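See structure below.
The values are calculated or read from the model by the stated rules, or taken from the named source; none is laboratory data. Quick caveat, the model's predicted, so the values are computed rather than measured. Cβ placement follows ideal geometry from the backbone for every residue including glycine, while neighbour counts extend to all protein chains displayed.
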Amino acid sequence: MRPLPKLTPENEFFWTAGADGTLRFQYCGSCDRYLHPPGVVCSGCGGTPEVREVSGRATVVGVTVNYQPWLPDMEVPYVIGLVAIEEDPLVRLTTLIMDAEPDDVVIGLPVSVRFEQHKDVWLPVFAPTGEPVIEAAEYPESAPAPVRSMPTVEKFESKVAITGVGLSEVGRRLGRDPMGLAVDACRAAVADAGLAMDDIDGLSTYPGGAAKDGGHSEGGIYPLADALGIAPTWFCGTGETPGQSGAVVNAMLAVASGLCRHVLCFRTVWETTSIAWGNRQNTGVGGGSRISGEMEWRLPYGAMSAGNWIALMASHYFHRYGATREQLGWIPVTERAGAAHNPVAIYQEPMTIDDYLDARMITTPFGLFDCDVPCDGSTALVVSAVDCAYDGPHRPVLVEAVGTQMRERMSWDQGTLLHEPMVDGPSAHLWSRTDLKPSDVDVALLYDGFSFNALSWLEGLGFCGKGEGASFVEGGSRIARDGEIPLNPHGGQLSAGRLHGYGFLHEAVTQLRGHGGGRQVDGAEVVVVSTGGGHPGGAFLFVRG
């Protein structure tokens with residue numbers, strides 16, 4: 001049942017190195033650096049790397065104790081570590097830490113490699129060397145690429161507006177076909193914009209039809225177009241975009257270019273029903289299948305969830321800055337207070353910080369309430385040309401700026417240790433495309449697949465300094481609806497449900513129209529939205545039309 005990597009000419013040297021007990025990595029002599037994961041060329045100089053033996057010694061730089069029973073052959077709890085190799089601390093492995101009590105595995109622990117054989121694969125795992133913990137170690141970070149300046153004075157954002165939003169029924173295990181949810185949301189969004197289906201000349205979605213079996217899609221563009229009777233001029237459905245809402249950026253570009261006038265964007269999730277109907281959460285994992293690509297470097301170690309991967313960074317953040325779980329807990333506690341005023345939120349009952357701390361652990365430092373809530377639901381919005389945006393029944397929402405730049409490696413374990421990856425790039429790019437500043441923002445709708453995601457976005461977007469996020473949210477007053485920067489007043493994904501980023505877009509329009517009811521932020525005129533992070537992220541700045 002253990003998912004194992006598919007052996008290829010590029011990776012076989014790594015996954016079979018345990019046959020003689022020696023860890024090996026690619027090395028570029030021209031750059032004098034080790035490379036991982038292996039590739040066909042050196043990303044620094046374009047040269048051909050060689051394979052070199054290393055000592056097998058490393059240092060733990062991130063750790064999480066996993067309590068979730070992901071795989072039947074791995075008894076919980078088990079310790080997942082992120083280790084930096086002695087020869088080059090920028091090269092790291094997600095792995096298992098063996099022969100140690102979970103509480104004894106800490107940042108700075110010296111470890112050495114050993115190998116577990118599974119069929120024709122030798123998994124490198126690590127165990128303590130018995131040497132003292134390195135208390136004051138320095139952990140290097142790769143410098144991000146510079147923020148690119150705007151290539152033209154004219155912004156495409158000024159040519160588009162959000163004119164309509166729609167939301168289907170939202171709930172746990174609704175037992176409905178996801179296409180029905182998508183149709184409901186799309187019809188509602190088109191009607192909300194004061195349009196007819198014949199007015200829609202574009203369709204855009206994330207991630208497309210291939211993700212349906214895992215509960216992450218309704219089936220994609222083609223069946224949705226057929227269900228709605230739409231013949232679009234342009235359409236796009238893909239997963240490789242700046243965050244889940246990259247599909248909305250694609251729609252804006254299509255409208256700004258003059259290709260379309262009104263693009264319908266939609267996103268459907270139905271995880272809870274999909275699982276109840278017997279679909280696999282991780283299609284192609286386990287059951288004797290082999291995995292390739294980025295997942296091969298994590299799944300064999302039982303690091304099956306983004307919660308595990310992000311927890312490794314959260315542990316390093318806690319170590320570096322002295323943050324605590326109680327401080328982090330104020331994000332879900334404050335969001336729950338907002339969800340009480342959101343009639344479609346999954347969880348609306350009050351929650352205290354003690355409730356948060358008493359909840360069962362999932363993967364340290366994350367407990368149950370640090371994790372977003374899987375649900376069924378679909379969200380849709382209409383992106384229109386700004387010159388017709390005022391023809392509808394509602395005040396339009398204008399687009400001030402987008403943040404889409406990739407400034408760091410697309411990796412969960414080879415990049416930063418200080419925050420969730422793919423947060424700083426979109427954040428810095430967003431502010432480079434506007435004269436507005438973080439102090440001008442009235443509402444922050446920040447992605448919270450896990451509580452630490454939102455903390456990373458708060459810092460990345462400049463609402464507080466690096467390493468100050470935990471103290472910034474402590475007590476909840478600064479992120480409350482009437483606080484310094486209201487955070488996810490609708491409950492976010494931690495309480496309202498995992499609509500996978502699009503719930504934040506819906507809430508942005510709701511707030512800027514002043515339709516938030518008991519959760520409405522007074523005088524909301526500027527709203528920042530982030531989606532994703534890690535894989536990858538994107539950001540928007542919306543203003544009241």
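Points worth noting:
- Taking the conditions (1) of a type outside the set (Ser, Thr, Tyr); (2) touching a residue at least 60 places away in the same chain (Cβ under 8 Å); (3) over 24 Å from Thr272 (Cα atoms) in turn, Asp226 satisfies each one other than (2).
- Residue within segment 315-336 that is in contact with a Lys or Arg (Cβ under 9 Å, 6 or more places away or on another chain), part of a helix (DSSP H, G or I), at negative phi and small (Gly, Ala, Ser) present: no
- So Leu499, is it of a type in the set (A, V, I, L, M, F, W, C), crowded, with 21+ Cβ neighbours inside 10 Å and either more than 25 Å from Gly462 (Cβ to Cβ) or not assigned by TED's automatic domain parsing to the domain that holds Leu446 (or both): yes
- One residue stands out in segment 148-173 among those that are under 30 Å from Ala196 (Cα atoms) and of a type in the set (S, T, N, Q): the one that is nearest to the chain's Cα centre (by Cα), namely Ser168.
- Condition met for Gly243 (under 25 Å from Met406 (Cβ atoms) and either at pLDDT below 95 or in a strand (DSSP E or B) (or both)): yes
- Checking Gly62 against (1) surrounded by fewer than 15 Cβ atoms within 10 Å (Cβ to Cβ); (2) out of contact with any Phe, Trp or Tyr (no Cβ under 7 Å at 6 or more places or on another chain); (3) not aliphatic (A, V, I, L, M), the condition it does not meet: (1)
- Criterion: in contact with a Ser or Thr (Cβ under 6 Å, 6 or more places away or on another chain) and in the same structural domain as Gly523 (by TED's automatic domain parsing) - qualifying residue of Leu461, Leu445, Leu455, Leu436: Leu461
- Unique residue being modelled with pLDDT of 95 or more, basic (Lys, Arg) and surrounded by fewer than 22 Cβ atoms within 10 Å (Cβ to Cβ) when the list is Arg261, Arg290: Arg261
- Test: residue in segment 421-436 that is out of contact with any helix residue (DSSP H, G or I) (no Cβ under 7 Å at 6 or more places or on another chain), part of a loop (DSSP other than H, G, I, E, B) and among the hydroxyl-bearing types (Ser, Thr, Tyr): yes
- Out of Glu157, Glu169, one residue alone is modelled with pLDDT of 95 or more, touching a helix residue (DSSP H, G or I) at 6+ places or on another chain (Cβ under 8 Å), assigned to a loop (DSSP other than H, G, I, E, B) and among the charged types (D, E, K, R). It is Glu169.
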